[in-house]
Amino acid sequence: MTNIAQYPSYLDCVADILGQASAPLSVDVLVEQVKNQRPTGKGVRSAVYQAIGKLYQAVPVTPGTFGWLSSLLTGQNFRHPLNKIEMQRGNLLMDELEHALFFPEFFQDHQPDGRIVRLHLMGGPTLEVHAAVDQETWALRLGQEFVAWLDQAGGSAHDDLLIHVLDAVSGEYSLRLQPREARQEEEILERNLQLARMAEAIISADRKSRSAMPVWELAAALVGRGVYADPTPPDDMHFALYEHSVLRLEDDLGYAKASRDYLRRERKERSNNPVRREGDQPPWRESGQGRRNEGSSANFFGREMAGGFLDDEDPEFWDAVEDNVADFSDMEASQCEGYQSYLAEFNLTMPEEDPLSHMNFHLLEAELETLVGLEQEFGYLMPEQEERKQALAARLFIDPDMFYGGDGDWDQSDYGGPPFWDN
């Protein structure tokens, strides 16, 4: 029998292959390259998917294709709204997106390292800095050279720093100041809406069993989908999502779609507060603490109601809600990659039939995932369950391996302890 311990784990293989790749790779290519590095069994495809699921920097770019976050970041552009505290102290407070931007390895195990990043200030010095903690928030301590550079450039609170990633692997970035009056508001609004739609689609397609998607995972997924590839970057991620999406932060868990009751309460609170303007500083930037937006008034379902605000006890209000929900449901289906892939296959094979609705597709998909999970846990399925699994896979045009399943032909040391019945 081959001594598998002498070969690299699937986790190490996938990390090495993606980290060295010059472009994103399909799962089929990954499988073939893994076979060149270690012995594999018939469960190799499932093992590769499991490795991808455990690697933070393995980011989906398109269905079945993955890139490495450090490589994907290079060439992308980000916007950081300055506040008075940052300008006075010379510290750049980072949210989760910016933490992943400067330190893409951090969220693999949430352990700080000694990485040094080089920031090239346009028309100014180049600073070498590392991650630090300021006001209980991760930050870059740029010091007085940064303060002097801002002062010389005539910077003020509410101006933006535009960050361009020269090379995330080696830690090279350029920064330039954009005065508030120079903002391209129409382009930025378009970028904000694109970010919001993509974030909603990503969370709708999330197949993991959890109540919310961690912010850092959503941030990496947005990078992978090219949201920040445009030379004009969107606003702060949290601000854009609050203003233009139905996603809300669930305590410390991450982003999830807000419930109708939550939106009703938010609507009441918002009616007593002035409407925030596009580009205003989010509260978490003003205070310099935390990531949550506790009090801004978001455009309901990403848009303002014609004629101003409606009373949520008025029937017209819920008519407007239903219209927006219908619009959002259509948009959600059009943005859901899994469902669009199903429709493409369905139209090729059964063009005269009616396809499943978006919701019914995901309902059956969840049943298939449950059966695969049972097969993983117990090692087999009853004949009628196996038949049902195969029928669902055929009907949905889904390879059951995509649910990180498998038959145990990989090195279990990669993925934790033995099954419960061996404990």
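A few comments on the model shown:
- Ranked for footprinting exposure by Cβ neighbours inside 10 Å, fewest first, M213, M87, M359, M237 give M359, M87, M213, M237.
- Length-normalised contact order for the range 16-80 - Cα pairs under 8 Å, 6+ apart - percent: 40 percent
- Relative packing of 385-395, 51-61, which averages over residues the other C-beta atoms within 10 Å, highest first: 51-61, 385-395
- You can think of it this way: the chain between R176 and V133 has 13.1 nm of extra reach, that is 0.36 nm per residue less the Cα-Cα gap.
- Distance between the pseudo-spin-label points of N347 and Q88 (7 Å out from Cα toward the beta carbon): 5.8 nm.
- With neighbour counts taken as other beta-carbon atoms within 10 Å, the residues R79, R264 rank, fewest first, as R264, R79.
- This ranking places D95, D354, D113, D134 by how few other beta-carbon atoms lie within 10 Å of each, fewest first, which gives D354, D113, D134, D95.
- Annotation for T74 and Q152: the two label points, set 7 Å from Cα along the Cα-Cβ direction, are 3.0 nm apart.
- T126 versus D354: modelled label distance in nm, points set 7 Å from Cα along the beta carbon direction: 6.4 nm
- Listed residue pairs exceeding 31 Å between alpha carbons, taken from K84/K208; K54/K257; K54/K389: K84/K208
- Available extension along the chain between R260 and A366 is 35.8 nm, counting 0.36 nm per residue and deducting the alpha carbon span.
Values quoted throughout were computed directly from the atomic coordinates according to the rules given, and no laboratory measurement underlies them. Just so it is clear, the model here is predicted, and its values are computed rather than measured. Reconstructed Cβ throughout: ideal geometry from the backbone, glycine too, with neighbour counts over all protein chains shown.
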